[in-house]
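Derivation of every value follows stated rules applied to the coordinates shown; laboratory data play no part. Source: prediction; values computed, not measured. Glycine also receives a Cβ, built like all others from the backbone with ideal geometry; neighbour counts cover every protein chain displayed.
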Amino acid sequence: MQKAVQRIRKQRKFTEDFKKSIVKDFESGKYSVVDLSRLHSIACTQIYNWIYKYSTVNQKGYRVVEMEKSSDLKIKKLEQKIKDLESIVGRKQIEIDFLEKMIEIAQKDLNIDIKKNYSTQQSAGSEPTGIK
């Protein structure tokens, strides 16, 4: 027969200062509840209880909803999109400047107006013919 072995449960006690520091880290936005849970090996529910108890912003009765990496990821994507668009605008501006300079040089060398002159009348062209 095997002897019944009891498992010793470890119970940790946390000081109020530690709990308040965890809540402060969460409120500052440096860490999410999941990050704090992994970092300190504390259950998420326990951290939520501390948030409801010590937080000045989040109180019992209100649900704290976090989407994993949502705001940080969204901000990074938007910043990257801004950088991409700025580089595209820069390239297009260089292209426009280059083409305008080419038109200017061609006008000087050929002595003709290359840019469209809005004051000229449109040609009559051919009349549409109908099938009879």
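Counted by neighbouring Cβ atoms within 10 Å, the residues Ile82, Ile51 run from fewest to most as Ile82, Ile51. Pair-distance distribution P(r) for the range 69-114, from all Cα-Cα distances in 5 Å bins starting at 0: 5, 20, 12, 12, 10, 8, 9, 6, 6, 5, 4, 2, 0 percent.
Using the structure shown, list the pairs from Lys24/Lys53; Lys92/Lys115; Lys53/Lys76; Lys30/Lys74; Lys30/Lys77 with a Cα-Cα distance above 24 Å, or answer none. Checking Cα-Cα distances, Lys53/Lys76 exceed 24 Å.
Among the chymotrypsin sites (Phe, Trp or Tyr not before Pro) found in the range 6-51, those both in a DSSP coil and sparsely packed, with 14 or fewer other Cβ atoms within 10 Å of their Cβ, are Phe14.
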